[in-house]
Amino acid sequence: GSCSEVKLQRKNVQKLAVNHGGLLAGPKVGKAGYDLTFAIAYLRDFAMNYAILGESFETFVPWSKLTQVVMATKKRIYEEHKNRSLPGKPFVCSRITQLYDEGACVYFYFCMNSDGVLEPSNVYGEIELCARQEILNNGGSLSHHHGLGKLRSQFVSQIFNDGYVNSLIAIKKAMDPMNTFGARNGVFSNIPINSSTGMEHQRKSHLGK
């Protein structure tokens, strides 16, 4: 927009922020936060030296479900951590990173103490999957921009119907019958592949059928 439009928007945002206990930190803080994203992976590796496992996961949530999704997901993580009798207390928080007319992108951060825990990566993964299920149960999406990949492929049947999945598989079969570019992500994660004849015609077990 024009300079005058931006100034008006900034004024309105500042008014809303002040009314709800917030403040405008300015562009420098935002840029510093963005620059930090390049170091996050290294900070995670550093923390692992001290038996701390941490990761983030994101979702898109409509405004009407925002509080519900955040509260329910945090509660589920705490419950799953307690049910497994894991050491210490988990660190769980969330933040909004992108705003839209319809809703917002929400990031969740979950850290746990892995000291003395057998197969801690698997335990962490189980709790994360429970958190993702809770997000879906309360009106959030499976992903905002990270995509389905392999980790989230097991939720495909909850977000896509058979017609949509079959359409994607048909296009894939027509354009890449030998699965040359196949990474087995998303809806293609459970499609039977024959190394000599390429993709099999039927989906078989893709949606548990």
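Just so it is clear, none of the values below were taken in a lab; they were calculated from the coordinates. Worth saying up front: this structure is predicted, and the values here are computed from it rather than measured. Heads up, the Cβs are rebuilt from the backbone with ideal geometry, glycines too, and the neighbour counts pull from every protein chain shown.
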| task | May I ask you to compute the full-extension gain from Asn137 to Asn122, defined as 0.36 nm times their residue separation minus their alpha-carbon distance, rounded to one decimal in nm? | result | 3.1 nm
| task | Report, in degrees rounded to the nearest 10, the 0 to 90 angle that the Cα long axis of helix 66-83 makes with the longest principal axis of the chain. | result | 70 degrees
| task | Let me know the charge dipole size of segment 14-58 about its Cα centre in debye, to the nearest 20, where only the beta-carbon of Lys, Arg (+1) and Asp, Glu (-1) is charged. | result | 300 debye
| request: Enter the Cα centre distance for the pair segment 58-107 and segment 108-153, rounded to the nearest angstrom. | output: 11 Å
| Rule-of-thumb check for the chain: C-alpha Rg over 2.2 N^0.38 Å? | 1.26
| message | At 7 Å along Cα-to-Cβ for each site, give me the label-to-label distance between Ser2 and His145 in nm. | response | 3.0 nm
| note | For segment 38-114, listing chymotrypsin sites (Phe, Trp or Tyr not before Pro) in a DSSP loop whose Cβ sees at most 13 other Cβ atoms within 10 Å gives Phe38, Tyr50, Tyr100
| task | Give a residue-ordered list of calculated ³J(HN,Hα) values for segment 84-92 (Karplus: 6.51 cos²θ - 1.76 cosθ + 1.60, θ = phi - 60°; whole Hz; x for Gly, Pro). | result | 8, 6, 7, x, x, 10, x, 9, 9
| For segment 1-116: Kirkwood Rh in Å [reciprocal of mean 1/r, alpha carbons] | 17.0 Å
| request: Determine, at each q value in 0.15, 0.18, 0.19 (inverse angstroms), the log₁₀ of I(q)/I(0) that the Debye formula gives when each Cα of segment 77-196 is one equal point scatterer. | output: -0.85, -1.04, -1.09
| note | Summing -39500 (n - 2.57) over every DSSP H run of at least 4 in the chain, dividing by its residue total and rounding to the nearest 500, the 222 nm mean residue ellipticity is -13500 deg cm²/dmol
| Full-extension gain in nm, Ile40 to Ser64, via 0.36 nm per residue minus C-alpha separation | 5.6 nm
| Rg(Cα) / (2.2 N^0.38 Å) computed for segment 78-146, rounded to two decimals | 1.26
| Based on the Cβ-Cβ distance of Phe181 and Leu99, what FRET efficiency does E = 1/(1 + (r/R0)^6) give at R0 = 30 Å, to the nearest 0.05? | 0.30
| query | Which whole-number percentage describes the relative contact order of segment 57-117, with Cα contacts under 8 Å and a sequence gap of 6 or more? | reply | 43 percent
| Quick one: which of 116-125, 129-138, 13-22 comes out on top by average Cβ neighbours within 10 Å, and what's the full order, highest first? | 129-138, 116-125, 13-22
| message | Tell me the relative contact order for the chain as a rounded percent, counting alpha carbon contacts under 8 Å between residues six or more apart. | response | 18 percent
